[in-house]
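First the structure, in the form of structure tokens, and then the observations on it.
The values are calculated or read from the model by the stated rules, or taken from the named source; none is laboratory data. Treat the numbers as computed from the prediction; the structure is a model and nothing was measured. Cβ coordinates were reconstructed from backbone atoms using ideal geometry, including for glycine residues, and neighbour counts include every protein chain displayed.
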């Protein structure tokens, strides 16, 4: 999301799934998931990263795997991870195009 509305929690018109998990007593982690860096009712995921497209996919996955290896009392129960591909190609070519489906 590239506009100022992305920081407005009302724009999403609902409760984020990571917040639902937290309301159920679960810890959540979100790596670049849309809206995870938006203050919703004063809350953010327990672990989250501000979106930065320049972070390589490999580094994102390594960080994600480290989160999975945290001590049990610190480890989240719910995770999200966003990678631009195949999302970007799907928006350009369509979700069932040969550019997206290999």
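What pairs come out if I take residues in the range 5-25 that are over 13 Å from residue 38 (Cα atoms) and pair them with residues that are modelled with pLDDT of 75 or more and surrounded by 14 or more Cβ atoms within 10 Å (Cβ to Cβ) whose C-beta lies under 6 Å away, six or more apart or interchain?
Taking only residues 6 or more apart or on different chains, the pairs are 21/28; 21/78; 22/28.
The rows are residues; the columns are (1) in contact (Cβ under 8 Å) with a residue 40 or more places away in the chain; (2) surrounded by 11 or more Cβ atoms within 10 Å (Cβ to Cβ); (3) touching a strand residue (DSSP E or B) at 6+ places or on another chain (Cβ under 7 Å); (4) not in a helix (DSSP H, G or I).
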| position | (1), (2), (3), (4) |
| --- | --- |
| 37 | no, yes, yes, yes |
| 45 | no, yes, yes, yes |
| 66 | no, no, no, no |
| 79 | yes, yes, yes, yes |
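Going residue by residue through the range 4-17, is there one that turns out to be surrounded by fewer than 11 Cβ atoms within 10 Å (Cβ to Cβ), assigned to a loop (DSSP other than H, G, I, E, B) and modelled with pLDDT of 90 or more?
Checked the range 4-17: no residue is surrounded by fewer than 11 Cβ atoms within 10 Å (Cβ to Cβ), assigned to a loop (DSSP other than H, G, I, E, B) and modelled with pLDDT of 90 or more.
Search the range 83-100 for residues that are surrounded by 11 or more Cβ atoms within 10 Å (Cβ to Cβ) and pair each with any residue that is assigned to a helix (DSSP H, G or I) and modelled with pLDDT under 80 when their beta-carbon atoms are under 7 Å apart and the residues are at least 6 apart or on different chains.
Short answer, once both residue conditions are applied: 99/89; 100/86; 100/89; 100/90.
Identify all residues within the range 26-35 that are part of a loop (DSSP other than H, G, I, E, B) and in contact (Cβ under 8 Å) with a residue 40 or more places away in the chain; write none if there are none.
Going through the range 26-35, the residues part of a loop (DSSP other than H, G, I, E, B) turn out to be 26-27, 32-35.
Hits for the range 26-35 are 26, 27, 32, 33, 34.
Tell me, which residue of the range 81-102 that is closer than 16 Å to residue 30 by Cα and in a loop (DSSP other than H, G, I, E, B) is modelled with the highest pLDDT?
In the first step, residues of the range 81-102 are kept if they are closer than 16 Å to residue 30 by Cα; the result is 81-84.
Next cut, in a loop (DSSP other than H, G, I, E, B) only: 82-83.
Details: 82: 84, 83: 79.
Among those residues, the one meeting the criterion is 82.
Does residue 31 qualify as being within 23 Å of residue 91 (Cα to Cα) and either at pLDDT 85 or above or crowded, with 17+ Cβ neighbours inside 10 Å (or both)?
Details: within 23 Å of residue 91 (Cα to Cα): yes; either at pLDDT 85 or above or crowded, with 17+ Cβ neighbours inside 10 Å (or both): yes.
Considered against the rule, which asks whether it is within 23 Å of residue 91 (Cα to Cα) and either at pLDDT 85 or above or crowded, with 17+ Cβ neighbours inside 10 Å (or both), residue 31 comes out as yes.
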